[in-house]
1. Mind checking whether some residue in segment 119-130 is modelled with pLDDT of 90 or more, closer than 23 Å to Val209 by Cα and in a helix (DSSP H, G or I)?
2. Give the residue that is nearest to Ile238 (Cα to Cα), with candidates limited to residues of segment 143-162 that are in a loop (DSSP other than H, G, I, E, B) and not polar (S, T, N, Q).
3. Test of understanding: among Ser95, Ser77, which residue is in contact (Cβ under 8 Å) with a residue 40 or more places away in the chain and either of a type in the set (S, T, N, Q) or in a helix (DSSP H, G or I) (or both)?
4. Just give me the residues in segment 227-250 being assigned to a helix (DSSP H, G or I), farther than 22 Å from Ala11 by Cα, of a type outside the set (Asp, Glu) and within 22 Å of the chain's Cα centre (by Cα), in sequence order.
5. Please identify the pairs in which a residue from segment 140-162 that is more than 14 Å from Lys175 (Cα to Cα) and modelled with pLDDT under 95 has its Cβ atom under 6 Å from the Cβ atom of a residue that is not in a helix (DSSP H, G or I) and not aliphatic (A, V, I, L, M), counting only partners at least 6 apart or on another chain.
6. Within segment 2-22, can you find the residues that are open to solvent by 10 Å² or more (accessible area, probe 1.4 Å) and more than 17 Å from Arg98 (Cα to Cα)?
7. Being modelled with pLDDT of 90 or more and touching a Phe, Trp or Tyr at 6+ places or on another chain (Cβ under 7 Å): is that true of Gly21 here?
Amino acid sequence: MVALHRSGHHAIVHWIEEQAGNVGCFLNDCSPRRNPYLTCAKDGYSSFKRVELSEQAAGRHTRKDFLLYNYESQELSAVADSVFDANREKWLGRSKTRQDLLVLRDAFNFFASIRKVRDDRSGLFIDERLGNWVRLWKAYAREFKSDSAMLPEKVTVSFNAWVSDREYRKALASKLGLEFTDAGRERVVAWGSSFDGKRFDGEASQMQVLKRWQGMAEDPLYRSLFRDRELVDLSNEIFGFIPGTEELGR
C-alpha cells in the first residue's frame, strides 16, 4: 500500500486485515528499496497475527493468508525502484498474487488534516514542507489517474468512496480477492484522527471525515493552497466537486 500521511489509509489497512483471514501480517511505514520486515515501524500500529517478525526477517517465511506492507509519503520513484523487485521473493517469500494499492484522499480534506495535526503538534507549518506535500499529493493524483505508471499492479482506492459507500467497499474486497464482511469499518485505529483522536472508536462512520475542510476554511495558509489550479482540478476530477470549496482559493 502506498499512501500519504493523514489520508485515511490506516483505517483501510485495518478493514483489509479483518476481511483477509486469521494468519497474516501488516508491516507499517516501511522504507523503500529495503526489506520491509527490517525497516517497518516496530511500535504504534504495526500488528502481527501469529507471525514472528524476527523469523520472517531472517528469511524463514511462513505461510500466511496475507502480507500487507505500506509506504507513507514516499516518492513513487523510490517505491517503484527495481532494487525491491529484484529482492522481493528473497525478502518476503512467494505470493500467490500481488497488488499495489494506491490510496488517495481529496485535496481539501487531506490538507485540512495535515494542517490541523502539524499546527497542533508544532505550532508552525513550514512553507517549504507545505510545498513538498502539495508536490507529493499531485504526483500521487497523477498516478491515481494513470497519467503516470509507476506502480505495475495498481489498484486505486479512493478514501472518500471507501468511507462513504458500502458497495464501493464490497467491490474493493472482491478486487482484492477477499470475502466481504465489512468487519472493522467502525474502528478508529491507533493513530486516531487529527480532529477527533479516538473518540469515535466503534462508530467511525459518525466522524465527519469528508467535511474536515470546513474546520480550516478560515485559515489563511490553508486557503492559499487552493490558488494552485492544478491541485484543485486534479482533486475535482478524481473526487468530484465539493460545494463551498470554490471559495477557498480566493
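1. No, there is no match, as no residue in segment 119-130 is modelled with pLDDT of 90 or more, closer than 23 Å to Val209 by Cα and in a helix (DSSP H, G or I).
2. In this case the residue turns out to be Lys145.
3. Being in contact (Cβ under 8 Å) with a residue 40 or more places away in the chain and either of a type in the set (S, T, N, Q) or in a helix (DSSP H, G or I) (or both) holds for just one of Ser95, Ser77, which is Ser77.
4. Result: Leu231, Val232, Leu234, Asn236.
5. That search, which allows pairs on different chains as well, returns Leu151/Asp100.
6. Within segment 2-22, His5, Arg6, Gly8, His10, Ala11, His14, Glu18, Asn22 meet the criteria.
7. no
One line per residue, one yes/no per condition, for (1) in a loop (DSSP other than H, G, I, E, B); (2) at pLDDT below 95; (3) at positive phi; (4) touching a helix residue (DSSP H, G or I) at 6+ places or on another chain (Cβ under 9 Å):
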| residue | (1), (2), (3), (4) |
| --- | --- |
| Asp43 | yes, yes, no, no |
| Gly59 | yes, yes, yes, yes |
| Leu68 | no, yes, no, yes |
| Val83 | no, yes, no, no |
| Asn87 | no, no, no, no |
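The values are calculated or read from the model by the stated rules, or taken from the named source; none is laboratory data. In this text the structure is predicted, and so the values were computed from the model without any measurement. Quick reminder, even Gly has a Cβ in these numbers, built from the backbone with ideal geometry, and neighbours come from all protein chains shown. Ligands, DNA and RNA are excluded from the accessible area calculation, which covers all protein heavy atoms including side chains. Shrake-Rupley method; radii C 1.70, N 1.55, O 1.52, S 1.80 Å.
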